[in-house]
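I have placed the structure first, in the form of structure tokens, so that the comments after it can refer back to it.
No lab work stands behind these numbers, since they all come straight from the coordinates. This structure is a prediction, so every number in the text was calculated from the model and none was measured. Glycine gets a Cβ as well: all are built from the backbone with ideal geometry, and neighbour counts include every protein chain shown.
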Amino acid sequence: IVAQPESRELLALCLKKLRGLNKVRVIDASFVWTEPHSKRIKVKITIQDEVQDGVLLQQAFEAIYVVAYAQCPECAKSFTAHG
């Protein structure tokens with residue numbers, strides 16, 4: 001999947017990869033600056049959930065992703081010498 005750095009598409013992809021976000025309400029999500037050559041993407045996420053009797057709990061945390069470049073299986077077959 002190709003997405004521009006710090007794009008909405010990349011942010012949506014990162015949020016989809018996190019388990020458990022469908023059980024809470026995402027209040028805010030934004031990228032945190034990292035060195036361009038580090039192959040790391042940091043996303044700051046603020047979530048909110050109702051714990052009991054209408055009491056809301058809000059928490060912010062950072063998720064760190066590692067960028068991995070790989071070829072799709074079809075591309076790998078076309079560029080591999082089979083001889």
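A compact table of results
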| item | result |
| --- | --- |
| Sole exception among (1) more than 17 Å from the chain's Cα centre (by Cα); (2) of a type in the set (Asp, Glu); (3) in a loop (DSSP other than H, G, I, E, B) for Glu6, by number | (1) |
| Residue list for the stretch 26-47, restricted to those being among the β-branched types (Val, Ile, Thr) and outside any strand (DSSP E or B) | Thr34 |
| Residue list for the stretch 12-47, filter: surrounded by 12 or more Cβ atoms within 10 Å (Cβ to Cβ), over 19 Å from Val2 (Cβ atoms) and hydrophobic (A, V, I, L, M, F, W, C) | Leu18, Leu21, Val24, Val26, Ile27, Ala29, Val32, Ile45, Ile47 |
| All positions within the stretch 34-77 that are under 16 Å from Leu13 (Cα atoms), touching a strand residue (DSSP E or B) at 6+ places or on another chain (Cβ under 6 Å) and hydroxyl-bearing (Ser, Thr, Tyr) | Tyr65 |
| Out of Glu62, Glu50, sole residue that is surrounded by fewer than 10 Cβ atoms within 10 Å (Cβ to Cβ) and either part of a strand (DSSP E or B) or small (Gly, Ala, Ser) (or both) | Glu62 |
